[in-house]
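Down below is the structure, laid out as C-alpha cells.
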Amino acid sequence: MQAEYIRKCSLCLLKEGEVAPFLQELKKKHPNVEMALFPGSGTLQIMFQSETPVDALVEKVKEKFPRFFYGEGRIEEALHKEFIGRKKTLSLAESCTGGAIAAKLTQIPDASKYLLGSIVAYSNEWKERFLQVSRTTLKEKGAVSREVVTEMVQGLFAETDADFAAAISGIAGPSGGTKEKPVGTIYIAIGQRGEKIDAGVVHANPERIEAIDLAVHLTLGALWRKVVHNTVTFS
C-alpha cells in the first residue's frame, strides 16, 4: 500500500482571499497534491495530502507568509511556547472579552510561567481605578476607542512588571452600537515595555459570541507577531 503524507500548518490574521490565490498557483505546480484551506476565527489552516512528502510545500507557505505562519496547532499554543522559550511575561486588560483571552491561555499547563494575570475592567470605573485610564479620555473618546485601549496597556505597564501587555475594549452586542461605532467595533492594543503601543480597530460580526471569539484570536495573533517578529498589526 502506498504511503500517504499529510501536513497541516496555520496562519494568523490573514483572510481566505489573501491566501487562496497562492494555493491555487501552488496547485498548478503540484497537481498530484491535495490542498485544502480551512478558515477559522482569526486563523487559517492549510492541509497538504499526497503520496510523496509535502514538507517542502509547508516551507513554501512559510516563505510566502513568514510573519503570519505559526506552524501546526493552535495560536495560543504557539504563543505559549514563544513566551516560555523567550522567558518573557504578559499581562492583560480585558473589557468586552470578559477574561476569555486569559481563559484561552490558562487552558494550557504552565501558563503561570509567563502569564501574570488579566484585569477584567468591564466598567469605566474599573478602567480608571485599576488601569489608570483618564476620566477625560473616557468622556471625550468613549470606552471603546484607540485612546482608551492604549491607556489600558500603559496602566498595565505601570501596575505590573510585564514585558508585554494587551488590552481590548469593544461593543460585542447585540445592543450598544451607534452610527459611529456599530456593534462589532472592537479596539485592541498590543504593547512591549519601552516601545510604542500598537493599537487599532477591527470590525467583527455583530453576533456576540462570534465577535468575542474573533477578538480573542486576533489579540493572540497580534501578540504572537509582536513577540516573534516585533511586527505591528493594528497601527
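The values are calculated or read from the model by the stated rules, or taken from the named source; none is laboratory data. Just so you know, these numbers come straight off a predicted model, no measurement behind them. Note that each Cβ is placed from the backbone with ideal geometry, even for glycine, and that neighbours are counted across all protein chains shown. Side chains included, ligands, DNA and RNA excluded: accessible areas come from the protein's heavy atoms. Shrake-Rupley method; radii C 1.70, N 1.55, O 1.52, S 1.80 Å.
Couple of notes before you dig in:
- Antiparallel content of DSSP bridges confined to the chain, in %, to 5: 75
- Rolling a 1.4 Å probe over the protein heavy atoms gives region 172-213 an accessible area of 55 Å² per residue.
- Taking the convex hull of Cα positions in region 157-235, its mean projected area over all directions (nm²): 5.6
- Computed helical MRE - 222 nm, the chain, DSSP H runs ≥ 4 contributing -39500 (n - 2.57), nearest 500: -12500 deg cm²/dmol
- Counting only protein chain heavy atoms and rolling a 1.4 Å probe, the accessible areas of Ser112, Ser95 rank, largest first, as Ser112, Ser95.
- Relative contact order computed over region 57-122 (Cα-Cα under 8 Å; 6+ residues apart), in percent: 34
- Simple rule: put +1 on each Lys or Arg Cβ and -1 on each Asp or Glu Cβ in region 1-72, find the dipole, and look at Gly42, Cys9, Gly71; the Cα lying farthest toward the positive end is Gly42.
- Region 104-194, relative contact order in percent, only Cα pairs under 8 angstrom and at least six apart counted: 22
- In the chain, inverting the average of 1/r over every pair of distinct C-alpha atoms gives 18.7 Å as the Kirkwood radius.
- Carbon/sulfur fraction of accessible area - region 20-107, other protein chains in place, 1.4 Å, %: 50
- Magnitude of the charge dipole for the chain, about its Cα centre and with charges confined to Cβ atoms of Lys, Arg (+1) and Asp, Glu (-1), is about 380 debye.
- Our summary gives the chain a relative contact order of 18 percent, counting only alpha carbon pairs under 8 angstrom and 6 or more residues apart.
- Sulfur and carbon atoms: percent of accessible area, region 133-235 [1.4 Å]: 49
- The label point for Glu16 and the one for Glu72, both projected 7 Å from the Cα toward the Cβ, are 2.5 nm apart.
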